[in-house]
């Protein structure tokens, strides 16, 4: 009876249902098309450096997702030194938030799959940028970040070597970090 | 008297103070170091695919910014199909929000500098991703976005040719789009 009860309760590591994760991996191995996702956002300009995004639907695991009753909404803004009034964080800051979250979730998931319990994980990010690029004042200056540094504080029930390996997984397998690290085609098309 | 009054009022185009923008450009031309910015984020893991970022201070225009009394806070989460409970948008979705905002603000700023009034600007973004990369199931699959498409609807008081040129500026000079388009070094270091 005790065994039966144990078998029906999910095994949670780092807040993740490990069996569900392995079931997902098995399903993808059997049908790689299930791994194809399309994420989406819609954004409307308001004024100056202020604009608002809504995020809700996406395609993944072979179907349109319908799990979100309401869309998420996020406002971009700019600080006064960049001609705004702090109506929101600015886009290059949101990019750091995305990187932090993605590195963290990727690491936590891979740790769970290896049975490693994470006790603490926090990051600080710094990104260097030269605004002459965006302003078009110097063609030799890239408009984007020159480099991004993620300082990660982590405590886990594993050896230092295993921790270094997990940091490597976060760096190489995090979708957002990988999107930043390598050249990804961006196409802007004009809607009719 | 009327002329005097007009001269003391800022000339706003697209919600931006154009004179302030040109003053900034002149200041940067005189001292390129003013264009150097460092943006920052701090993130703490909560559980599973849930983590929270705070964003407040940054360095730019030769000083530490102190314009934000409170930090911005954003929560990353995951949908059920990715083992979460929609605690927030997920990191790859936040990346699309950052791209939308950055392309929009870059276009609006450059339009203002050219005296072009934007009447409407909205974008829809789609990003394709194959989760086998993040899961480490196939080394030939990149963990990040394969490509990102920005569909932009724009109405402005200018010729079609000028509009195409503005779209090109958004694509090439937006800091977030440029960060995604080209390989940017990402370093993850372990904090003591």
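Evaluation of residue A:99 against the conditions (1) more than 7 Å from chain B (Cβ to nearest Cβ); (2) buried (at least 24 other Cβ atoms within 10 Å of the Cβ); (3) under 26 Å from residue B:29 (Cα atoms) shows that the sole unmet condition is (3). Across the stretch A:149-158, the qualifying residues are those that are more than 20 Å from the chain's Cα centre (by Cα) and assigned to a strand (DSSP E or B), and the one among them that is surrounded by the most Cβ atoms within 10 Å (Cβ to Cβ) is A:156.
Test each condition in (1) within 8 Å of chain A (Cβ to nearest Cβ); (2) surrounded by fewer than 15 Cβ atoms within 10 Å (Cβ to Cβ); (3) under 28 Å from residue A:103 (Cβ atoms) for residue B:81 and report the one that comes out false. The single condition residue B:81 does not satisfy is (2). Yes or no: residue B:161 over 22 Å from residue A:41 (Cβ atoms) and assigned to a helix (DSSP H, G or I)? Judged against the criteria, residue B:161 is a match.
Suppose the filter is more than 7 Å from chain B (Cβ to nearest Cβ), over 18 Å from residue B:51 (Cβ atoms) and more than 21 Å from the chain's Cα centre (by Cα); does residue A:146 pass it? Answer is no for this residue.
When you check residue A:70 against the structure, is it in a loop (DSSP other than H, G, I, E, B) and buried (at least 18 other Cβ atoms within 10 Å of the Cβ), yes or no?
no
When only residues in the stretch B:118-143 that are more than 7 Å from chain A (Cβ to nearest Cβ) and assigned to a loop (DSSP other than H, G, I, E, B) count, which is surrounded by the fewest Cβ atoms within 10 Å (Cβ to Cβ)? Top of the filtered list is B:140.
Condition first: touching a helix residue (DSSP H, G or I) at 6+ places or on another chain (Cβ under 8 Å), surrounded by fewer than 18 Cβ atoms within 10 Å (Cβ to Cβ) and either in the same structural domain as residue B:26 (by TED's automatic domain parsing) or modelled with pLDDT under 95 (or both). Can you find one or more residues in the stretch B:52-64 that meet it? Yes: one or more hits.
Restricting attention to the stretch B:36-50, the residues being touching a helix residue (DSSP H, G or I) at 6+ places or on another chain (Cβ under 9 Å) and either free of Cβ contacts under 8 Å to residues at least 12 places away in the same chain or under 15 Å from residue A:151 (Cβ atoms) (or both) number 8.
Within the stretch A:13-30, does at least one residue satisfy the condition of being in a strand (DSSP E or B) and more than 8 Å from chain B (Cβ to nearest Cβ)? Checking the stretch A:13-30: at least one residue is in a strand (DSSP E or B) and more than 8 Å from chain B (Cβ to nearest Cβ). Filtering the stretch A:164-192 to residues that are more than 7 Å from chain B (Cβ to nearest Cβ), over 16 Å from residue A:99 (Cβ atoms) and either part of a loop (DSSP other than H, G, I, E, B) or within 15 Å of the chain's Cα centre (by Cα) (or both) leaves only A:192.
You will find that of A:3, A:24, A:44, A:104, the residue that is surrounded by 15 or more Cβ atoms within 10 Å (Cβ to Cβ) and modelled with pLDDT under 95 is A:24 and no other. Just so you know, in the stretch B:158-186 the residues that are touching a strand residue (DSSP E or B) at 6+ places or on another chain (Cβ under 7 Å) and free of Cβ contacts under 8 Å to residues at least 60 places away in the same chain include one that is farthest from residue B:39 (Cα to Cα), and it is B:163.
Residue B:75 falls short on exactly one of the conditions (1) modelled with pLDDT of 95 or more; (2) within 8 Å of chain A (Cβ to nearest Cβ); (3) within 22 Å of the chain's Cα centre (by Cα), and that condition is (2). Could you check, for the stretch B:89-105, whether at least one of its residues is over 15 Å from the mean Cα position of the chain (by Cα) and closer than 30 Å to residue A:15 by Cα? Checked against the condition, which is being over 15 Å from the mean Cα position of the chain (by Cα) and closer than 30 Å to residue A:15 by Cα, the stretch B:89-105 yields at least one hit.
The values are calculated or read from the model by the stated rules, or taken from the named source; none is laboratory data. Not measured: the values here are computed from a predicted model. Virtual Cβ from ideal backbone geometry, glycine too; neighbours counted across all protein chains shown.
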